[in-house]
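Notes for the one structure printed next.
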Amino acid sequence: NKGKYEHYMQKEIHEQPESLTTTMRGRLIRGGSCKAKTVLLGGLKDHLKTIRRSRRIVFIGCGTSYNAALAARPILEELSGVPVTMEIASDLLDRQGPIYREDTAVFVSQSGETADTLHALEYALENGALCVGITNTVGSVIARKTHCGVHINAGCEIGVASTKAYTSQIVVMAILALAIGGDTISNQERREAIIDGLFDLPNKIRDVLKLDQEMKDLAKLLIAEQSLLVFGRGYNYATALEGALKVKEVALMHSEGILAGEMKHGPLALVDENLPIVVIATRDACFSKQQSVIQQLHARKGRLIVMCSKGDAASVCSGGACRVIEVSYVEDCLQPVVNVVPLQLLAYHLTVLRGYNVDQPRNLAKSVTTQ
Ligand code: UD1
Ligand code: F6R
């Protein structure tokens, strides 16, 4: 049931304040007599010790689910104290890459049925790793075959392009980072800021959804383009990959997410006055580096669309003309949850304006059960 919406993708983008609320329900604990702020993941509480003792945590997934893990990687590294690596499921299998008994392997999958991810799970089980699932589908194969896990509880996702599952996956992995990290005096302030940030996220998503018309106007400008680049780094490298994936899979426009730190090592050659480039430059520890990327793109007359934190429009565009997407600020590690939303809206409007099928892009299936 699409309710008041024309397409499932549109509905699922707009219901993210509610889907995130459901994802977090019962899992964040605030207040009480001692005013403690903590987290609870029922499915993992008996396994946290083993996870903390593992030699490495390796995240495994495909497509959007891989991007969600990539978005959460920095906070997992910061809080868990365990090295975190990333594997695209098919690539792990192609290489028969190393997975050891001392590893915790985390399988991220909306459907819980993706063949590549499932085969990687079987491979990790054979190699004796602790296998953890992060799935949206209760009773799915991946949920059943993993030793333990977390349901993201985002509600049924029907549009082939994953939107609300992506934001719920990142939130679950941020909670996972808090759960593995445990309370110490030294990280107490950071933990509390993240938990407050999580409580506040649905409101921040409501704010950013107000950019709908602005994203439609931007889509009108980009309707006939051949290509769109998206530059990000740090917490928002994944946002660049995910934004580009949405644009290519539904709007059928070539789009590439680029790690901004790699700009000088190749992509800069593409920059001219015609190619549209989205640069994600919201406030975090990488902000000044992104400002210098923007200056260098301005110097080559790049056609820029800059996503920045509210109030930063004038400073990010000081070196030349650009369009700006202003978004609300949240705790840095949660910013990818907010930042992806305008890009989801952009991909949606581009698709409708270009006359393509939003919910059933050509050649794609919601659940990829063949390798
Ligand atoms: C569970 C209940 C939820 C109830 C809550 C109350 C289910 C599915 N969930 O949620 O309805 O409101 O207790 O305390 O009944 N698991 C895997 N692999 C996965 C995902 C999950 O093995 O990929 C396992 C977990 O380890 C756990 C079980 O499935 O044993 C349920 O996981 P989850 O729904 O995340 O647990 P709770 O949030 O505690
Ligand atoms: C993109 C998309 C795909 C899936 C991928 C993995 O919007 O939907 O890239 O993310 O096929 O699917 P799951 O998460 O079901 O394993």
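The values are calculated or read from the model by the stated rules, or taken from the named source; none is laboratory data. Here the structure is a predicted model, which means the values were calculated and not measured. Because the Cβ atoms are built from the backbone with ideal geometry, glycine has one as well, and the counts that use them run over all protein chains shown. Side chains are part of the model used for accessible areas, which takes the heavy atoms of the whole protein and leaves out ligands, DNA and RNA. Shrake-Rupley method; radii C 1.70, N 1.55, O 1.52, S 1.80 Å.
For the range 69-226, the spherically averaged projection of the C-alpha convex hull amounts to 12.0 nm². Distant-in-sequence amide contacts of R233, defined by a placed amide H-H separation under 5 Å and a gap of 5 or more residues or a different chain, comprise A260.
What number results when the radius of gyration of the range 182-224, computed over Cα atoms, is divided by 2.2 N^0.38 Å?
The reported ratio for this selection is 1.94.
Available extension along the chain between A314 and D91 is 76.0 nm, counting 0.36 nm per residue and deducting the alpha carbon span. Count Lys and Arg as plus one, Asp and Glu as minus one, and take only other residues whose Cβ is under 12 Å from that of I223; the net charge is then +1. Taking all C-alpha pairs of the range 192-340, those more than 26 Å from each other amount to 20 percent. Between the C-alpha center of the range 94-133 and that of the range 306-371 there is a gap of 30 Å. Of the beta bridges in the chain, as assigned by DSSP with both residues counted there, near 5 percent are antiparallel.
Taking amide H as placed 1.01 Å from N in the peptide plane, V327 has its amide H under 5 Å from the amide H of C308, S309, K310, each at least 5 places away in sequence or on another chain.
Summing charges over neighbours of S19, with a neighbour being any other residue whose Cβ is under 13 Å away from its Cβ, gives 0 when K and R count +1 and D and E count -1. When we measure straight from the Cα of K210, which lysines land under 17 angstrom away, once same-chain ones fewer than 8 places off are left out? In chain and number order, the partners are K4, K11, K164, K310. By the rule of a C-alpha distance below 20 Å, with chain neighbours fewer than 8 residues away ignored, the aspartates and glutamates paired with K2 are E12, E15, E18, E157, D212, D359.
Rg then Dmax, both in Å and based on the Cα atoms of the range 209-260: 11.4, 31. Taking 22 Å as the straight-line reach from the Cα of K145, the lysines in range (excluding those fewer than 8 positions away in the same chain) are K45, K49, K366. Scaled against 2.2 N^0.38 Å for its residue count N, the alpha carbon radius of gyration of the range 309-361 is 1.46.
With equal scatterers on the alpha carbons only and no solvent term, can you work out the Debye log10 of I(q)/I(0) for the chain at 0.06, 0.08, 0.15 1/Å? Debye curve over Cα of the chain, log10 I(q)/I(0) at q = 0.06, 0.08, 0.15 Å⁻¹: -0.21, -0.38, -1.36.
Among all helices in the chain defined by DSSP H, which have a length of 27 Å or more along the axis from Cα atoms plus a Kyte-Doolittle mean of at least 0.0? Result, helices passing both filters: 335-354. Other residues within the sphere of radius under 11 Å centred on the Cβ of I152, judged by their own Cβ, net out at +1 (K and R +1, D and E -1). Rolling a 1.4 angstrom probe over the chain with all protein chains present gives an accessible area of which 50% lies on carbon and sulfur atoms. The 3J(HN,Hα) values that the Karplus relation (6.51, -1.76, 1.60; θ = phi - 60°) gives for the range 305-312 are, in residue order, 10, 9, 9, 9, 6, 3, x, 9 Hz. Gly and Pro appear as x. Diffusion coefficient of the range 57-128 by Stokes-Einstein, Kirkwood radius over Cα pairs, 20 °C, 1.002 mPa s: 176 µm²/s.
Taking every pair of alpha-carbon atoms in the range 22-104, give the share separated by more than 19 Å as a whole percent. Walk me through the numbers on the way to the answer.
Numbers: 1809 of 3403 pairs.
Counting pairs separated by more than 19 Å, the tail of P(r) holds 53 percent.
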